[in-house]
Structure formats: C-alpha cells, structure tokens
1. Of the residues 231, 247, which single one is part of a helix (DSSP H, G or I), assigned by TED's automatic domain parsing to the domain that holds residue 306 and surrounded by fewer than 19 Cβ atoms within 10 Å (Cβ to Cβ)?
2. Condition first: over 20 Å from the mean Cα position of the chain (by Cα) and either closer than 23 Å to residue 204 by Cα or outside the structural domain of residue 238 (by TED's automatic domain parsing) (or both). Now tell me which residues in the range 258-293 satisfy that.
3. Would you check if residue 281 is part of a helix (DSSP H, G or I) and in contact (Cβ under 8 Å) with a residue 24 or more places away in the chain?
4. Does residue 192 satisfy the condition of being farther than 23 Å from residue 270 by Cα and aliphatic (A, V, I, L, M)?
5. Residue 67 is checked against (1) under 28 Å from residue 297 (Cα atoms); (2) touching a residue at least 12 places away in the same chain (Cβ under 8 Å); (3) part of a helix (DSSP H, G or I) and fails just one. What number does that condition carry?
6. Please go through the range 142-173 and pick out each residue that is in contact with a Phe, Trp or Tyr (Cβ under 7 Å, 6 or more places away or on another chain) and β-branched (Val, Ile, Thr).
7. Please state which of the following conditions residue 236 fails to meet, knowing it meets all the rest: (1) surrounded by fewer than 19 Cβ atoms within 10 Å (Cβ to Cβ); (2) part of a loop (DSSP other than H, G, I, E, B); (3) at negative phi.
8. So which helices (runs of 4 or more DSSP H) stay within the range 83-175 end to end and still have 3 or more residues that are under 27 Å from residue 244 (Cα atoms) and among the charged types (D, E, K, R)?
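The values are calculated or read from the model by the stated rules, or taken from the named source; none is laboratory data. Note that this is a predicted model, so its numbers are computed, not measured. Virtual Cβ from ideal backbone geometry, glycine too; neighbours counted across all protein chains shown.
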Amino acid sequence: MLFRAIQIQVRCMSSRSKVGFIGLGNMGGPMALNLVRKGHPVVVYDVFPESMTQLTDEGAIMVHHPAEVAEKADRIITMLPTSAHVKEVYQGEQGVFKSAKTGSLLIDCSTIEPDVSFNLSEEALKKGCVFLDAPVSGGTVGAKAGTLTFMVGGPENEYESAKPLLQDMGKNVVYCGKAGSGQAAKICNNMLLAISMIGTAETMNLGLRLGLDPKLLAGILNTSTGRCWSSEVYNPVPGILPNVPSSNNYEGGFGTALMTKDLGLAQTAATTTGTTIPLGSLAHQLYRLMVTRGLGKKDFSAIYAFLQEMENAK
C-alpha cells in the first residue's frame, strides 16, 4: 500500500515542478542546461561553485548542499563520478534523504555498482520516495546535443513517469528491469566502448605508420565493416573530427580515470558471475596504466596518444 501511495503522488506531480540537479561536470552540466532551456525550473548544486555559473546565468537556482536541493525540488537528478559520491549525496549529513519530500522522484544517472543502486532504491522506498537508476550513454557530445541514451532500472510504471523528463535530455530512454538493471546495462556498454576505442586507436596508429592519410583511413573505416562509434563519432586521432576531445588536447569528455572505474565495475561483475572477459580485463589494465602515467583527467580517447608514447619510449 505504501508503494502504491508513492506511485500516485509521483504521477500527480506537475510536469513543470522544480527539478533538482546535483553534479554538474562534463556530463551533468550540459544535461542540466538542456532542462533549463526546455523550460524546466531547475535547482542546482555542485561541490565546485564555478560549475554552476552558466546555469545560474540562464535562470537556474543555486543552493548550498544536496539536502537543500531536496527541500526545493520534487524531482531530483544526480550525475556523479563514483559510488562513494552517490552514497554521500543521498545518505550524508546534508544528503538528499535528509529532506526529501514524500513522493519525490529520485533519478541517479551516475555509473555505479548495481548493488548500490538497489540498496538506495530500498532506502528511498522506506522514506516514501521512488529511486530509479538511469545511467547514460552518448558522451559529452550527446549530453550537449540532448541525444543521450538512458538505461533505466526500477519500477516500470515509475519509468513511464520519468520518461518525459529524461527525453528532455536524451533521444532514447530504455527500460531495463528492476533496480540496478540500468547499471548492469551501462557497465556492459562501457566495457565494449573501451575495447572498441582501443581497437580504433590501434588501427588508426597502424594506418598512419603505413603511410595512410588519417582522414582517408577514417573515411574508409566509417563506410566499411570496421565502422564503430569510436571511429565515426569520437575518433581518437587529433584533427579528424572537430568538437571532440582528441582535437582539443584530449581535454573535456569522459575522463580516463572514470573509464578505468567503469572497467573495474565490469571486472567485479565478471568475477561475481563467473564470466570470462579477456578483452575487458586487458582494457582495464591499459586504462589503469594510463592513470598511473598521469593521464587520468584526459579523455579516454587519449589511449591513441598513449600508444604512440609507448612506441616512442622503445
């Protein structure tokens, strides 16, 4: 009966009630900005005040901690780096759960362990709220363009309630199943993304060493069987595509440290389920090595530059 009452309250909320957004980094910032520009009244918080400047300039309301977001907004979206950050934002001394109103819809778009999402959904239910895990794919390019894919876990009818809001930040919103299922899908996606980026970087590097023009080779790959997102949309070679991190000294985008974290989640899941992932494990080791070499803040497509660095060190 409690869950049914929560469902009714969530569905009755106005489509233009305040939206809270916590975590305004390379992904969260553009996502929140899309909501503002779609006409949503948005309340924002980030540990780095400067990340809120553009949003407040465009009409968002800045607050000082997650609990204050929950005081002012009935629908709250979080986009944070790790499980530890997510737990602190929801369960900390000034966390969302301290002041979340009954019937609030809580949507976490971070990529974290499925078990953490499941446990947070259980705690939210006890507090009279609904929690969905909704990690995203599409990178910073998709976040800015509003073309992200959301992978949603949680009660299916609440997914339907959240879908219009998510569609204002993305193109595809996919229901994956019970709480934690969205995280499971995202972990699998990012493992494949890391593997394909390494493959693209190796292929482009080999082609250049064979004397091929990089733009010519990329064009061939993108009209042939080697075509993939890493080559076509997010090519790791500087100068092939504008407005991607590789053409900006690998700044911005999805950091190598975060990709390493996600590959660690995949490794843990594989160990737990007894699944063999040789390429996933190798990708994890390569990205871990990049982090130890000081490339953690560079975009994960910097694997191309890292391979060249390894060759030059021979």
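1. Testing whether each residue is part of a helix (DSSP H, G or I), assigned by TED's automatic domain parsing to the domain that holds residue 306 and surrounded by fewer than 19 Cβ atoms within 10 Å (Cβ to Cβ) leaves just 247.
2. Scanning the range 258-293 gives 278, 279, 281, 282, 285, 286, 289, 290, 293.
3. no
4. no
5. (1)
6. 152, 173, listed by residue number.
7. The one condition residue 236 does not meet is (1).
8. none
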